[in-house]
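A.B. asks: Quick one: the structure is below, and I'll ask about it shortly.
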């Protein structure tokens with residue numbers, strides 16, 4: 001069974017601060033995805049990382065996939081109240097790393113950014 | 001393009017009852033997945049359907065079942081409800097690739113009393 005561990009579980013910061021969320025596994029993933037979920041809504045995909053060592057930027061968000069494809073990180077620069085939400089990492093959860101609609105999700109990081 | 005639509009959004013049932021949840025995927029998407037989200041267990045995969053066929057199944061008891069219709073709409077059913085079935089049930093649609101992006105609906109929040 002492939003598991004994804006996220007840390008920290010909770011993060012409460014002030015507007016303007018930087019933060020990093022980590023997603024780790026003992027298994028190799030062919031790709032990892034990051035989703036953000038706001039209260040009352042379903043998760044929305046932020047990014048997919050595929051290549052070991054890959055870095056992707058989405059405005060103030062920077063995503064990195066570990067060289068060994070076992071871990072990923074999400075870094076937010078100058079956080080804003082609008083960044084508040086549940087951040088989830090996810091990877092293909094089927095046997096052999098393939099899946100049909102099946103993602104294994106981390107437990108999530110609840111981020112609160114105070115104005 | 002309309003998003004994934006789930007109905008009902010909220011429902012309350014009592015133990016022993018059954019419930020049916022509905023999901024209409026994004027037009028053109030043939031894959032529909034179902035997930036259960038709880039504070040303790042997070043998001044857990046229930047099953048996935050593509051062209052009316054179940055292609056993948058998670059580790060849930062047989063009380064959880066689903067089906068997909070020819071128009072790609074999907075339903076999931078939970079029979080003999082237990083208190084622990086209280087959760088947000090999320091439906092996600094995709095074009096059907098192995099590891100493509102999932103588009104989630106807003107979910108159906110089930111409370112079992």
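A.B. asks: Inside region A:51-97, can you point out the residues that are in a loop (DSSP other than H, G, I, E, B), under 15 Å from the mean Cα position of the chain (by Cα) and under 28 Å from residue B:48 (Cα atoms)?
C.D. replies: A:69, A:70
A.B. asks: Are there strands (runs of 3 or more DSSP E) fully within region B:20-64 with at least 2 residues that are touching a helix residue (DSSP H, G or I) at 6+ places or on another chain (Cβ under 7 Å) and at pLDDT 95 or above? List them.
C.D. replies: Because the criterion is at least 2 residues that are touching a helix residue (DSSP H, G or I) at 6+ places or on another chain (Cβ under 7 Å) and at pLDDT 95 or above, no strands (runs of 3 or more DSSP E) in region B:20-64 meet it.
A.B. asks: Quick test for you: out of A:53, A:101, A:40, A:66, pick the one residue that is within 8 Å of chain B (Cβ to nearest Cβ), without any contact (Cβ under 8 Å) to a residue 24 or more places away in the chain and farther than 25 Å from residue B:49 by Cβ.
C.D. replies: It is A:40.
A.B. asks: Additional query: If the requirement is being away from chain A (no Cβ under 14 Å), without any contact (Cβ under 8 Å) to a residue 40 or more places away in the chain and touching a strand residue (DSSP E or B) at 6+ places or on another chain (Cβ under 6 Å), which of these qualifies: B:64, B:69?
C.D. replies: That would be B:64, the only listed residue that is away from chain A (no Cβ under 14 Å), without any contact (Cβ under 8 Å) to a residue 40 or more places away in the chain and touching a strand residue (DSSP E or B) at 6+ places or on another chain (Cβ under 6 Å).
A.B. asks: Considering only region A:9-37, state which residues are outside any strand (DSSP E or B), at pLDDT 95 or above and surrounded by 13 or more Cβ atoms within 10 Å (Cβ to Cβ).
C.D. replies: Selection gives A:15, A:17.
A.B. asks: How many residues, within region A:83-103, are more than 17 Å from residue A:47 (Cβ to Cβ) and modelled with pLDDT under 95?
C.D. replies: 10
A.B. asks: Continuing with this model, one more query. Is it the case that some residue within region B:7-18 is at pLDDT below 95 and either within 15 Å of residue B:112 (Cβ to Cβ) or assigned to a loop (DSSP other than H, G, I, E, B) (or both)?
C.D. replies: Scanning region B:7-18, I find no residue that is at pLDDT below 95 and either within 15 Å of residue B:112 (Cβ to Cβ) or assigned to a loop (DSSP other than H, G, I, E, B) (or both), so the answer is no.
A.B. asks: Residue B:41 versus (1) closer than 22 Å to residue A:40 by Cβ; (2) in contact with a strand residue (DSSP E or B) (Cβ under 8 Å, 6 or more places away or on another chain); (3) within 14 Å of chain A (Cβ to nearest Cβ): which is the lone unmet condition?
C.D. replies: (2)
A.B. asks: Please find, among A:25, A:7, the residue that is within 26 Å of residue B:34 (Cα to Cα) and either within 13 Å of chain B (Cβ to nearest Cβ) or more than 12 Å from the chain's Cα centre (by Cα) (or both).
C.D. replies: Only one candidate qualifies: A:25.
A.B. asks: Continuing with the same structure: I need the full set of residues from region B:18-38 which are more than 14 Å from every other protein chain (Cβ to nearest Cβ) and in contact with a strand residue (DSSP E or B) (Cβ under 8 Å, 6 or more places away or on another chain), in order please.
C.D. replies: Once the filter is applied, which keeps residues that are more than 14 Å from every other protein chain (Cβ to nearest Cβ) and in contact with a strand residue (DSSP E or B) (Cβ under 8 Å, 6 or more places away or on another chain), region B:18-38 yields B:18, B:19, B:20, B:22.
The values are calculated or read from the model by the stated rules, or taken from the named source; none is laboratory data. Everything numeric here is computed off the predicted structure, so don't read it as measured data. Glycine gets a Cβ as well: all are built from the backbone with ideal geometry, and neighbour counts include every protein chain shown.
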